[in-house]
Amino acid sequence: MNSILPNKFQIPEKLKTFISYILAIATFIAFIVFVALRQKSAFAFERYINYRNLIASGFFNTIFVSILSLIGSMILGFIFYLLQKSKVKYFNALIDVFTEIIYGTPLLVMIIVMAFLIGPAFEVEKFQRMGILGLTIYMAPYMKNVFQSGFSSISEEQYMAMDLFGFTSFQRYIYIIIPQVLRILMPPLMNNFSLIIKGSALLHLISYPDLYQMIISAQSKTFAYVEGYILLWGLYLIITIPLSQLTKLIERKWTL
């Protein structure tokens, strides 16, 4: 319809996109308001005001443990990538078998097994640390895949060109490999970070004082269970939505 109008009457694409997102957000807000108004009993979010410090500590503990697991899984994932690329067949098989085991294991089971089975087998009594290690190990194969896709983007022709111009190993990584790999690594790494944040909610099973655990603790005193889960949902969205938008921004900037 717009195509037959004069240019001065056509709506710019950016404005169309902006209006579309405003309408989409308004749709979800209207749905939430509708559901809230249809409830038979009033919400009692004010009961959580006295527990704001408790909930805030859980919020920051969630971010802390997620960053810790992200860094740990990146390190392990890179080691797994190197072992898979090794010429030693045993290392290749070891990583393949481990990856299949992780893919077939729910995260909840992994945390429990690490905390209450593997930890005691090695006489590690701090089961919370073992649970966090379980989350880290669980994400390592996914991080390995990220590194694999990133480094596979460097073509053989580029390696031949680096040999032709006599690049040292340091020059190869600094000027050619790392800049290209980073463009590919950042979006999936941030997506995995979002998965870690959401997966960290299962750490409440080992009594780690994350956001989920602190909300449960407050629920046991306020008895406002529905309000607690709504608050939990909102706080997780506060973390994950900006992270998702940042990922999209990086993808747009680095694909130009």
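The values are calculated or read from the model by the stated rules, or taken from the named source; none is laboratory data. No experiment lies behind these values; they were computed from the predicted model shown. Backbone-built Cβ (ideal geometry, glycine too); neighbour counts: all protein chains shown. Calculation scope for accessible area: heavy atoms of the full protein, side chains included, ligands and nucleic acids excluded. Shrake-Rupley method; radii C 1.70, N 1.55, O 1.52, S 1.80 Å.
Let me have the 222 nm mean residue ellipticity of the chain computed from DSSP H runs of 4+ only, each contributing -39500 (n - 2.57), with the sum over all residues rounded to the nearest 500. Please list the in-between numbers first.
Working: 9 runs with 179 residues, N = 256.
Per the formula, -24000 deg cm²/dmol.
Ranked from highest to lowest mean number of other Cβ atoms within 10 Å per residue, what is the order of the peptides 218-225, 70-77?
Details: 218-225: 15.2, 70-77: 19.0.
Sorting 218-225, 70-77 by mean packing, highest first, produces 70-77, 218-225.
Considering only protein heavy atoms and a probe of 1.4 Å, how much of the accessible area of the chain is carbon and sulfur, as a whole percent?
Working: 11540 of 16650 Å².
Summing carbon and sulfur atoms, their accessible area is 69 percent of the total for the chain.
Set the Förster radius R0 to 30 Å, insert the Cβ-Cβ distance between N50 and I71 as r into 1/(1 + (r/R0)^6), and round the FRET efficiency to 0.05.
Values: r = 35 Å, r/R0 = 1.16.
Once rounded, the FRET efficiency stands at 0.30.
Length gain on complete extension for the stretch T27 to S207, per 0.36 nm per residue less the alpha carbon to alpha carbon distance?
Working: separation 180, 0.36 × 180 = 64.80 nm, distance 3.77 nm.
Extra length available between T27 and S207 comes to 61.0 nm.
Using a 1.4 angstrom probe with every protein chain in place, what is the largest-first accessible-area order of Y175, Y48?
Working: Y175 150, Y48 10 Å².
From most exposed to least exposed: Y175, Y48.
Can you list the DSSP H helices in the chain whose Cα atoms extend at least 18 Å along the helix axis and whose mean Kyte-Doolittle hydropathy is 0.5 or higher? Present the calculation step by step, with values, prior to reporting the outcome.
Values: long enough: 13-37 (36 Å, 1.84); 52-85 (49 Å, 1.36); 89-103 (21 Å, 0.75); 127-151 (36 Å, 0.44); 178-199 (30 Å, 0.87); 225-254 (44 Å, 0.67).
Those that clear 18 Å and a mean of 0.5 are 13-37, 52-85, 89-103, 178-199, 225-254.
Working out 0.36 nm times the residue gap between L15 and K126, then minus their Cα-Cα distance, what length gain in nm do you get to one decimal?
On the way: separation 111, 0.36 × 111 = 39.96 nm, distance 5.46 nm.
My answer for the length gained is 34.5 nm.
What whole number of Å gives the distance from the Cα centroid of region 6-72 to the Cα centroid of region 132-164?
34 Å
Is the C-alpha gyration tensor of the chain telling us rounded, prolate or oblate? Criteria: a/c under 1.5 is rounded; beyond that, a/b larger than b/c is prolate, otherwise oblate. Could the numbers behind the result be given before it?
Working: a/c = 2.84, a/b = 1.14, b/c = 2.49.
Taking the square roots of the gyration eigenvalues as a ≥ b ≥ c, the chain is oblate.
Just the accessible area per residue of the chain, please: how many Å² with a 1.4 Å probe? Please list the in-between numbers first.
Details: 16650 Å² over 256 residues.
Here the per-residue accessible area is 65 Å².
Is there a quick way to get the dipole size of region 1-104? I mean about its Cα centre, with the Cβ of Lys and Arg at +1 and of Asp and Glu at -1; what is the value in debye to the nearest 20?
On the way: 10 positive and 4 negative charges, 44 e Å.
Here region 1-104 has a charge dipole of around 220 debye.
Past 31 Å, Cα to Cα: identify those pairs from K144/K253; K14/K40; K87/K198; K89/K198, in the order given.
Working: K144/K253 25 Å; K14/K40 42 Å; K87/K198 36 Å; K89/K198 35 Å.
The answer is K14/K40; K87/K198; K89/K198.
Using per-residue counts of other Cβ atoms within 10 Å, averaged over each peptide, order 177-187, 153-163 from highest down.
177-187, 153-163
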